[in-house]
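Just so you know, all these numbers are worked out from the coordinates, no wet-lab data involved. Treat the numbers as computed from the prediction; the structure is a model and nothing was measured. Counting neighbours? That spans all protein chains shown, and the Cβs are built from the backbone with ideal geometry, glycine included.
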Amino acid sequence: MAQIETTGLSHSYQPQPGYPQDFVLKKLDLNLLDGHAYALLGPSGCGKSTLLRIISGLLQPTQGRIHFDGKDVTHLDARQRHVAEVFQFPVVYETMSVFDNLAFPLRNRGLDREAIAERVADVARLLDLTEQLTLKSAALSAGARQLVSLGRGLVRTDVNAILFDEPLTVIDPQEKWHLRTRLKQLHRQFALTMVYVTHDQTEALTFADTVMVMHNGRILQSGSPSELFERPEHTFVGRFIGSPGMNFLRCQFDGNAAIIGDQSIPLQKSYSADIDDHSCELGFRPESCTFSRDGSGIAAQLINVDCTSRRKIAYLDAAGSSICVSLPADQDIPADSHRIRIDPQRALLYSADRLVEESR
Amino acid sequence: MSVAKRNYPKAWLLVLPVVLMVAFNAVIPLMTVVNYSVQDTFGNNQFFWVGLEWFEEVLRSGRFGDALGRQLLFTTLVLLIEIPLGLMIALGLPKSGWRASSYMMLLALPLLIPWNVVGTIWQIFGRVDIGLAGSAINAVGIDYNYTQDALDAWITVIAMDVWHWTSLVALLCYSGLKSVPEVYYQAAAIDGASRWAIFRYVQLPRLRQVLIIAFLLRFMDSFMIYTEPFVVTGGGPGNATTFLSIDLVKLALGQFDLGQAAAMSLIYFLIVLLVCWLFYTIMSVGDSQPDTRQ
Amino acid sequence: MSLQIEQLCSAVNGIVHLQDISLRFDPNSFNILLGPARAGKTSLLRQIAGLDPPDSGRMLLHGADITRHGVRKRDVSFVYQEFVNYPTLSVFENIASPMRVRSEGRQTIERTVHELAELLGIGGVLDRHPPSLSGGQQQRVAIARALAKDAEVILLDEPLANLDYKLREALRRELPRLFAGKGKIVVYAATDPNEAFLLDGNTVVIDQGRIRQVGPAASVFRAPDNLSAASILSEFPINLLDANIRNSSCVVGNKLTFPLPTHMRSLSEGDYTLGFRAEQLAFEARTQSSVACAAKVAVTEITGNETIVHLDMANRPCVAVVEGTSSLRAGEQITMYLDPGGLFMFDSSGQTVASPTRSAQR
């Protein structure tokens, strides 16, 4: 497995890109460490699949370079880069048995018969495919096909990275669950370098050590799942991660408290930067606010309530914005006059969509 | 989810007009032929029953056997050349862009020419006196004359058929290749597959259906070929290029041997039917497996 | 006045798709067909639409037998998982198409299309063609077309499955409001139990072609009639352990024994299947009667504010969901706590024999 680095990587699908909006990737500098699992998370059209295709060598970037373990591979094609990829629609060679599918990359590289049989048996055991080895791959379920296509990457010993392009899209929800955990276990077991592209935050957060949130060809934040959840560096990240996403309320800042309407929320932190009042927002998770019972807090108007098996989600209008409050299913929502109390410890200050760092 | 196969009684009513049409212009003429094949006449519209005598005579005569042999050889050669050649052309065509469409136009040209015109073109093309090909070949010192030499006649007729029909195979295969999702090529590239492995395991499986159709179409057409070789060689020199249908016409219209001709056409018809059925069964065996793809 | 299905059966090539389905859908109702893939949801929707005739059984709309009516004669609209629109028609014409079929007046069409487009937030793209729209917009067009048909029965087959996460969330919140108060019978097929909760309708749990339970999602979740309904309503796979009841105790494997909680006292001795949901396992004892169970960590997944812990308990794979992020190593031996008051018990045929009382559930 290898460390993957990109420098100034830009890509445009237009032959003569001029304007910044022609680019689907904008000057990306990434450093993907050997043996780590990464997820590229973002809405459709954010450039995540393009980035993956550039890493795998299926696409040549317009600008910038890409290095594997320090070696420049920018102009090498997919065959020479030694990467494995699992695609959105499971690719199996339908006329071949599962065994032959797994053996295919090794036969292409001219390994001898015994070495192939041994390697395939190992990988089949790992993926629980031993019993299916003799089956025609056309007879497999979508989940099993996806395992076979992953297996074709795992049998090779020369693989630099395993890339996943929304691999669970066409998998049934029940199978999805098992496949996801299987991937996670494989990663833990073999310290594989993995890059996983998805628009589904649950998949990204559960799979990766580091999640990179992409938007409009840029990476807005890269961090561990809990960092992204607790301290989104950009309002887009806050809204995108979490279900429902983070609440943002316009506020004014007087040096140590956020002022929303007639309420002052002491933030108990000090900020060094000058903060522009016009673009100031207070961000807080639906999980870090509650209904206050003592008449304090921000006045809000209840719009409706959704219940899931584990939580109640209240949608409200407060200070001109719509916000959500998420409560454990056994807590009741007060019948009249709703006021919201925000946990100041977990509230964050944003200016011009960016997180304002506290000074230590 | 598969579409349910069920019985809708009303659906049969919709098929009825077609059944009547087919009955009128296929079954009734066929019955006339059957009628001729079991009777004989001495004129005066007087017919008498001869049973299977015509069939025995056709099968016992060396003439039918020879024509059948020539026919099988011709069809085999034509299939052996056209199918791989068409496939290779399809594989070599660009996948998209203006070049793809212009190649497509060029390929389609021979298919648009009427059969007797094709025959005439090649008849003139191959002539040693005024034909471009014929005189050129002779000019380089090769003795070529399709009106006198049996081998030359065969080469000409086969070259003509290949020129006329390879495009059909190529176009069919090309459309089949277009249905291979791009992601399969990407996966194969990542798996380090060679050009041959990509063809064998990615492209060929997806071409299977199309190849069956190409095979059947070319088999039937070449097995029943009449116009083009008749225009070029008239079945000669001697009987060298007298294929089944040419022989049948000679028998029926040249000698006015209606009973024998009817028996022969029935045997001919049964052979075509049998071979088509055999091809189809053998080549679609693999498709009867349950398909779990969504 | 309602849509009634009576003892409907359907099999294709010997494979049973639907078995003895009896249901009643009322006007102005939002019904959710909840079940895993290949449970028979789509088969049932196709039957209601009249696309496939049943092998046996009847279907009545407002008391009139429509079993033998083909799709054209039935007053239904169908929204598919794939965004099905006319690609060469503009969004306006797409929405207008069912009204053109009915030869409505030009003004009515104009008015209705604009109303529906506003309602669905696609008023700005009426001149564009579906292929140039995002998935969410395309599906809105399909839904608008279904509404324009003004059919009595509206069928939706996992309409949100192919949409991006955040779009799915937004559209899911809008859907029930779109149909509310219009007197329609809406039938919505879903695989995700959260969808059943959030759409907040009458949930029909279906599995292997049979109806397992009918009722509001929350009550099926609380008191499932059988193992199938219990697991289909679980967000995470339900944990199941083989258990044996003897001497007023419940014995699981050779390590775990605890006295029978109140709601299981009436059970006779014998073998059962013990069931509990992922959220019922905790790191610390919640009540005095909580049972400590030894478990080995297989893998942990962090979803942001929660951690999913995959465990090996009594030689069975189990799943726990805990709040916050916890860093457990794979292979670590830990103790999890289970509140016996919240346990389900199923008999060998998969029927629920003991459900926790409401107060015992968190």
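As a length-normalised measure over Cα pairs under 8 Å and 6 or more apart, the relative contact order of the range B:158-236 settles at 38 percent. Here B:Leu13, C:Leu119, A:Leu150 are placed in order of increasing Cβ neighbour count within 10 Å, fewest first, which gives B:Leu13, C:Leu119, A:Leu150. Taking the Cα centre of the range C:282-362 as reference, the dipole from Cβ charges on Lys and Arg (+1) and Asp and Glu (-1) amounts to some 120 debye. Ignoring lysines fewer than eight residues from C:Lys296 along the same chain, the ones with Cα atoms less than 22 angstrom from its Cα are A:Lys184, C:Lys255. Please list, or write none, the lysines whose alpha carbon is within less than 25 Å of the alpha carbon of C:Lys182, excluding same-chain residues fewer than 8 places away. The reachable lysines, counting only those whose Cα sits under 25 Å from C:Lys182, are C:Lys41, C:Lys73, C:Lys149. Across peptide A:199-205, the average count of Cβ atoms from other chains found within 10 Å of a residue's Cβ is 4. Which percentage, to the nearest 5, of the DSSP beta bridges contained in chain A is antiparallel? Roughly 75 percent of the beta bridges in chain A run antiparallel, per DSSP.
Comparing A:Val305, A:Leu249, A:Gly261 along the charge dipole axis of the range A:245-355, the residue lying farthest to the positive side is A:Val305, per the Cβ-charge model. Each peptide in A:255-265, C:96-106 gets a packing score, the mean of other Cβ atoms within 10 Å over its residues, and the list from highest to lowest is A:255-265, C:96-106. Panel order for B:Met283, A:Met212, by other beta carbons found within 10 Å of each beta carbon, from fewest to most: B:Met283, A:Met212. Projecting the Cα atoms of A:Leu111, C:Val71, C:Val84 onto the charge dipole of the protein assembly as shown (Cβ charges, centred on the Cα centre) puts C:Val71 farthest toward the positive pole. Taking the Cα centre of chain B as the origin and placing charges on Cβ (Lys, Arg +1; Asp, Glu -1), which of B:Tyr280, B:Trp154, B:Gln46 is farthest toward the positive end of the dipole? Toward the positive end, the furthest listed residue is B:Tyr280.
DSSP assigns beta bridges within the protein assembly as shown; of those with both partners inside it, close to 75 percent run antiparallel. Counting Cβ atoms of other protein chains within 10 Å of each Cβ in A:301-309 and taking the mean gives 5. Once the C-beta distance of A:Gln60 and B:Asn25 is scaled by a Förster radius of 56 Å, the resulting FRET efficiency is 0.40 to the nearest 0.05.
Peptide C:190-202 shows a mean partner chain C-beta count of 3 within 10 Å per residue C-beta.
All alpha carbon pair distances within the range A:211-284 were sorted into 5 Å bins beginning at 0; the resulting P(r) in whole percents reads 3, 15, 22, 20, 20, 14, 5, 1.
The distance between label points at B:Ala139 and B:Ser61 comes to 4.5 nm (points 7 Å beyond Cα on the Cα→Cβ vector).
Arranged from fewest to most other beta-carbon atoms within 10 Å of their beta carbon, B:Ile213, B:Ile142, C:Ile95 become B:Ile142, B:Ile213, C:Ile95.
The charge dipole of the range A:278-360, taken about the Cα centre with unit charges on the Cβ atoms of Lys, Arg (+1) and Asp, Glu (-1), comes to about 160 debye, rounded to the nearest 20. Label chain B by shape, choosing from rounded, prolate and oblate, from the square roots a ≥ b ≥ c of the eigenvalues of the Cα gyration tensor; if a/c is under 1.5 it is rounded, and otherwise prolate applies when a/b is larger than b/c, oblate when it is not. Judged from the Cα gyration tensor, chain B comes out oblate (a/c at least 1.5, b/c at or above a/b). Rg ratio for the protein assembly as shown: its Cα radius of gyration over 2.2 N^0.38 Å, N being its residue count, equals 1.19.
Contact order, relative form, for the range A:4-235: 29 percent (alpha carbon pairs under 8 Å, 6 or more residues apart, mean separation divided by residue count). Straight-line cross-link reach from B:Lys178 at under 26 Å between alpha-carbon atoms covers these lysines, not counting any fewer than eight positions away in the same chain: A:Lys136, B:Lys95. Taking packing as the residue-averaged number of other Cβ atoms within 10 angstrom, the listed peptides B:68-76, B:165-173 run from highest to lowest as B:165-173, B:68-76.
Taking all Cα pairs closer than 8 Å and separated by 6 or more residues, the relative contact order of the range C:249-348 comes to 36 percent. Net charge dipole, the range B:8-93: roughly 300 debye, given to the nearest 20, about the Cα centre with Cβ charges of +1 for Lys and Arg and -1 for Asp and Glu.
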